[in-house]
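Beneath this line is the structure, given in structure tokens, with notes to follow.
The values are calculated or read from the model by the stated rules, or taken from the named source; none is laboratory data. As the structure is a computational prediction, the values presented were derived from the model and not from experiment. Reconstructed Cβ throughout: ideal geometry from the backbone, glycine too, with neighbour counts over all protein chains shown. Keep in mind that these areas ignore ligands, DNA and RNA; they rest on the heavy atoms of the full protein, side chains included. Shrake-Rupley method; radii C 1.70, N 1.55, O 1.52, S 1.80 Å.
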Amino acid sequence: MNLLQSLDYSVLQQCMHCGMCLPTCPTYMETKRERNSPRGRISLMRSVADGELEVTKALADEMYYCLGCLACQTACPAGVKYAELFETARAEVERAGVASHPERDFWRWLTLNVMFMHPRLLRLAGWGLRLWQKTGLDQALRRVKFFGLLPKKLRDLEPQTPRVAESFSDGLIEPIETPPVRRYRVGMLTGCIQDLAFSNINRDTVDVLLANGCEVITPRAQSCCGSLHAHNGAVEMAQELARRQIDSFDLESVDAIITNAGGCGSHLKTYAHLLHEDPFYAEKARLWDKKVKDIHEWLGQIGIRAPLSEAIPQEVTYHESCHLCHGQKVVNQPRQMLKAIPGLSLKELPESNWCCGSAGIYNITQPEQSAKLLTRKVKNIEATGVTVVATSNPGCHLQIANGLGDAARVTQPVTLLASAYRREQGNLTL
């Protein structure tokens, strides 16, 4: 029995083929082909479950052409659980081995099995990349066009390499940080890519939590949340990483577990489903899901303390992370956070919830389609006329920053709020 056949069949039957998902799907809107739409993919999955269709390389290509942006879930009137179907289909593709290729297998092993399963090894790689960037070797080799000698895939990837932060989260955040007046006690998730490239945003998140009366517990050297594994068919590794995350916190002693990465947060809230058959972790996972809160969601729940700093006029637009708005349904709270900042004017972004093309590793596996989506996003940002773009996911942050270049600054709502709190304390460093 394949994995799609093991699903509750009612999940496969939910789709009514009404077509309301079609105009929300970036791949369907690009090709206008039924198979590139959510309902077309569900039809393929159902045919596999019914034994009418074999799991083939063509099916694998279709499942990996999907962005997994979940815009279809927002549009669907029947409540189709597309995320569950999508991840199960990819897991079946990997189980069947129909997409196997030596080069692909090597990179999957190196990233999913090695780097993202061992946080210290990932940090070691980060230190190496940081040294490479600090010495200026990357820029020197770029000047002499050395990267032009590399295979095309690697050549195209090199400009997208993120700048590694000067310090990782453990160097910026104490294991326990306590505000003058404690109202809540929360755990803080530092992530993996977020930790390497955006540890400053983790620091900003802690400062915002402290300013709102939250004691913050931050376990050391945290593991990947497992979203990359779950989205790419590596279910057993995703389950192992979920167990590690749960074991990192005393769930009974905290009011919430805080995440500040939209893509990670969407996956972090599905541990109960991921571990529902685990006799030891199933109950813990259910409690975990209840406690996990996106930073914007949490502050919206407890009430944001308005900064007392002087107003600094600035106009900002906001790009919505797909997995924050479609996966977690956190839509208004980031806007509320931005509007709470003195002097900030929010200018709505056309198609703010249309995917930017990052989508986990989609910009690596599907560079052409990713580039088209990025071009569309950049044009919409340029149409607003603003020079500051806020988003709430490391993948979106990197993707949009690469697309805009020096045309605008990319930041995050929590960073802008943290800056306002620091100004009220007399710290004018933004």
Checked the range 306-316 for anything open to solvent by 40 Å² or more (accessible area, probe 1.4 Å) and out of contact with any Gly (no Cβ under 6 Å at 6 or more places or on another chain); matches are Ala306, Leu308, Glu310, Gln314, Glu315
Practice task
Answer yes if at least one residue in the range 219-227 is touching a His at 6+ places or on another chain (Cβ under 7 Å) and outside any helix (DSSP H, G or I), and no otherwise.
Solution key: yes
Wholly inside the range 8-92, helices (runs of 4 or more DSSP H) that include 1 or more residues that are free of Cβ contacts under 8 Å to residues at least 24 places away in the same chain are 9-13, 26-31, 38-49, 57-65
Filtering the range 187-200 down to residues that are in contact with a Gly (Cβ under 9 Å, 6 or more places away or on another chain) and part of a helix (DSSP H, G or I) yields Ile193, Asp195, Leu196, Ala197, Ser199
*Within the range 231-240, is there a residue that is at pLDDT 95 or above, closer than 15 Å to Asp294 by Cα and surrounded by 23 or more Cβ atoms within 10 Å (Cβ to Cβ)?*
no
**Message:** Tell me yes or no: at least one residue of the range 170-186 is without any contact (Cβ under 8 Å) to a residue 24 or more places away in the chain and assigned to a loop (DSSP other than H, G, I, E, B).
**Reply:** yes
Of those in the range 93-105 that are in contact (Cβ under 8 Å) with a residue 12 or more places away in the chain and surrounded by fewer than 23 Cβ atoms within 10 Å (Cβ to Cβ), the residue farthest from Leu3 (Cα to Cα) is Ala99
Of the residues in the range 47-63, those that are surrounded by fewer than 19 Cβ atoms within 10 Å (Cβ to Cβ) and under 19 Å from His231 (Cα atoms) number 4
| Are any of the residues in the range 355-368 touching a residue at least 60 places away in the same chain (Cβ under 8 Å) and of a type in the set (Ser, Thr, Tyr)? | yes
(Q) Tell me yes or no: at least one residue of the range 292-305 is crowded, with 20+ Cβ neighbours inside 10 Å and within 20 Å of Glu240 (Cα to Cα). (A) yes
Going through (1) touching a Phe, Trp or Tyr at 6+ places or on another chain (Cβ under 9 Å); (2) over 28 Å from Arg104 (Cβ atoms); (3) open to solvent by less than 10 Å² (accessible area, probe 1.4 Å); (4) among the aliphatic types (A, V, I, L, M) one by one, Ala261 fails only at (2)
Exercise for the section: Determine whether Leu287 is without any contact (Cβ under 8 Å) to a residue 40 or more places away in the chain, surrounded by 19 or more Cβ atoms within 10 Å (Cβ to Cβ), more than 17 Å from Gly263 (Cα to Cα) and in contact with a helix residue (DSSP H, G or I) (Cβ under 6 Å, 6 or more places away or on another chain). Expected result: no
When the range 120-160 is checked residue by residue, the ones that are among the small types (Gly, Ala, Ser), at pLDDT 70 or above and loosely packed, with under 12 Cβ neighbours inside 10 Å are Gly128, Gly136, Ala140
All conditions in (1) surrounded by 13 or more Cβ atoms within 10 Å (Cβ to Cβ); (2) on the phi < 0 side of the Ramachandran plot; (3) out of contact with any Pro (no Cβ under 6 Å at 6 or more places or on another chain) are true of Gly68 except (2)
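So that you can scan it fast, the table gives a plain yes or no per residue for (1) among the aliphatic types (A, V, I, L, M); (2) open to solvent by less than 10 Å² (accessible area, probe 1.4 Å); (3) within 22 Å of the chain's Cα centre (by Cα):
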{"position": "Ser169", "(1), (2), (3)": "no, yes, yes"}
{"position": "Thr178", "(1), (2), (3)": "no, no, no"}
{"position": "Arg183", "(1), (2), (3)": "no, no, no"}
{"position": "Ala197", "(1), (2), (3)": "yes, no, yes"}
{"position": "Ile201", "(1), (2), (3)": "yes, yes, yes"}
{"position": "Leu209", "(1), (2), (3)": "yes, yes, yes"}
{"position": "Gly213", "(1), (2), (3)": "no, yes, no"}
{"position": "Pro219", "(1), (2), (3)": "no, no, yes"}
Taking the conditions exactly as written (touching a residue at least 12 places away in the same chain (Cβ under 8 Å) and open to solvent by 40 Å² or more (accessible area, probe 1.4 Å)), does Ser253 satisfy them or not?
yes
